[in-house]
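Enquirer: What follows is a structure written as structure tokens; I'll ask about it next.
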Amino acid sequence: MVPWPDAEWRAMQEEARIWRAKLQARTGAGTLFLLDGASCSGKSTLVDRLTADPDFLELIPRYCTRERRTDDQRRREYIFVSHDDFRGRAAAGAFIEYRDFQFGMSYGLPWAEALLPPLDGRAALGVINLGNVEHVKALLPEAVTILVDASLETIRRRLVSRGVNTEEQIEERLGNA
């Protein structure tokens with residue numbers, strides 16, 4: 001079952017057709033690696049370490065609607081936008097995948113930012129939302145997907161230590177994991 005409204009899914013499929021045609025026409029295209037995993041499973045730590053040298057692996061930022069946290073000042077992995085901006089992009093099919101979470105947070109991986117490095121012959125790394133890998137592979141089978149896993153106890157400890165999530169948000173994230 002597709003988690004997006006029919007019109008958005010059709011727009012995503014059309015974008016996939018366009019971007020895949022560009023990739024297939026490109027000799028020597030780079031690889032797109034996508035990390036999948038629950039919140040606090042260790043994806044950001046892997047992103048930081050693997051993309052420290054952008055000549056080795058380029059980071060693909062995600063669009064998000066959540067409030068900035070103090071540790072976001074050093075993060076390159078987010079493009080903060082308003083809810084309306086995000087919804088407009090989602091409706092236009094601008095994301096390979098996205099997810100709307102409770103409490104008004106949405107995250108989405110954009111086509112353009114994700115595929116420009118591979119089209120330029122470079123390897124790139126992005127993060128997708130847990131549970132969307134099947135849909136990503138349907139749209140972009142060329143992407144290499146990697147699941148990052150951690151125990152529920154570890155995820156809970158990390159969420160609590162962040163000190164930014166309510167108990168309801170922590171429970172939602174644990175339920176997703």
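Enquirer: Among the residues of the range 145-167 satisfying the criterion of being under 22 Å from E97 (Cβ atoms) and in a loop (DSSP other than H, G, I, E, B), which is modelled with the highest pLDDT?
Expert: D149
Enquirer: Could you list, in sequence order, the residues of the range 1-30 that are part of a loop (DSSP other than H, G, I, E, B), open to solvent by 50 Å² or more (accessible area, probe 1.4 Å) and at pLDDT 85 or above? Steps first, answer last, please.
Expert: Step one: list which residues in the range 1-30 are part of a loop (DSSP other than H, G, I, E, B), which gives 1-5, 26-30.
Subset that is open to solvent by 50 Å² or more (accessible area, probe 1.4 Å): 1, 3, 5, 26-28.
If the condition is that a residue be part of a loop (DSSP other than H, G, I, E, B), open to solvent by 50 Å² or more (accessible area, probe 1.4 Å) and at pLDDT 85 or above, then P5, R26, T27, G28 are the ones that fit.
For every residue, the table says whether it meets (1) outside any helix (DSSP H, G or I); (2) open to solvent by 30 Å² or more (accessible area, probe 1.4 Å); (3) out of contact with any His (no Cβ under 6 Å at 6 or more places or on another chain).
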site: R89; (1), (2), (3): no, yes, yes
site: E113; (1), (2), (3): no, yes, yes
site: I128; (1), (2), (3): yes, no, yes
site: G131; (1), (2), (3): yes, yes, yes
site: Q169; (1), (2), (3): no, no, yes
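Enquirer: If a residue has to be of a type outside the set (K, R) and more than 17 Å from F86 (Cα to Cα) to count, how many in the range 1-30 make the cut?
Expert: As a first pass, look at the range 1-30 and keep what is of a type outside the set (K, R): 1-9, 11-16, 18-19, 21, 23-25, 27-30.
Those left that are additionally more than 17 Å from F86 (Cα to Cα): 1-2, 6, 13-14, 16, 18-19, 21, 23-25, 27-30.
Count: 16.
Enquirer: Let me confirm something: among A138, A143, which residue is open to solvent by 30 Å² or more (accessible area, probe 1.4 Å) and small (G, A, S)? I'd like the intermediate steps shown before the answer.
Expert: Working: A143 fails: open to solvent by 30 Å² or more (accessible area, probe 1.4 Å).
Matching residue, one of A138, A143: A138.
Enquirer: So, of the residues in the range 52-87 that are in contact with a Gly (Cβ under 8 Å, 6 or more places away or on another chain), in a loop (DSSP other than H, G, I, E, B) and over 22 Å from L115 (Cβ atoms), which turns out to be modelled with the highest pLDDT?
Expert: For the range 52-87, the residue satisfying everything is T65.
Enquirer: Could you grab the pairs with beta carbons closer than 8 Å, sequence gap of 6+ or different chains, first residue in the range 99-117 and touching a residue at least 24 places away in the same chain (Cβ under 8 Å) and on the phi < 0 side of the Ramachandran plot, second one open to solvent by 20 Å² or more (accessible area, probe 1.4 Å) and among the acidic types (D, E)?
Expert: Here the result reads F101/E172; Q102/E168; Q102/E172; S106/D100; W111/E15; P117/E58, each pair linking the range 99-117 to a residue that is open to solvent by 20 Å² or more (accessible area, probe 1.4 Å) and among the acidic types (D, E).
Enquirer: Going through the range 32-42 one residue at a time, which ones are in a loop (DSSP other than H, G, I, E, B) and either among the hydrophobic types (A, V, I, L, M, F, W, C) or modelled with pLDDT of 95 or more (or both)?
Expert: Result: A38, C40.
Enquirer: I've got another one for you. Only one of (1) under 20 Å from L35 (Cα atoms); (2) part of a loop (DSSP other than H, G, I, E, B); (3) open to solvent by less than 20 Å² (accessible area, probe 1.4 Å) fails for G93. Which number is that?
Expert: Of (1) under 20 Å from L35 (Cα atoms); (2) part of a loop (DSSP other than H, G, I, E, B); (3) open to solvent by less than 20 Å² (accessible area, probe 1.4 Å), only one is false for G93: (1).
Enquirer: For the range 146-167, give me each residue that is loosely packed, with under 14 Cβ neighbours inside 10 Å, without any contact (Cβ under 8 Å) to a residue 12 or more places away in the chain and not charged (D, E, K, R).
Expert: S151, V160, S161, G163 - these are the residues of the range 146-167 that are loosely packed, with under 14 Cβ neighbours inside 10 Å, without any contact (Cβ under 8 Å) to a residue 12 or more places away in the chain and not charged (D, E, K, R).
The values are calculated or read from the model by the stated rules, or taken from the named source; none is laboratory data. Values in this document were obtained by computation on a predicted structure and should not be read as measured data. Cβ sites come from the backbone with ideal geometry, for glycine too, and all protein chains shown count toward neighbours. Remember, those area values only see protein heavy atoms, side chains included, never the ligands or the DNA or RNA. Shrake-Rupley method; radii C 1.70, N 1.55, O 1.52, S 1.80 Å.
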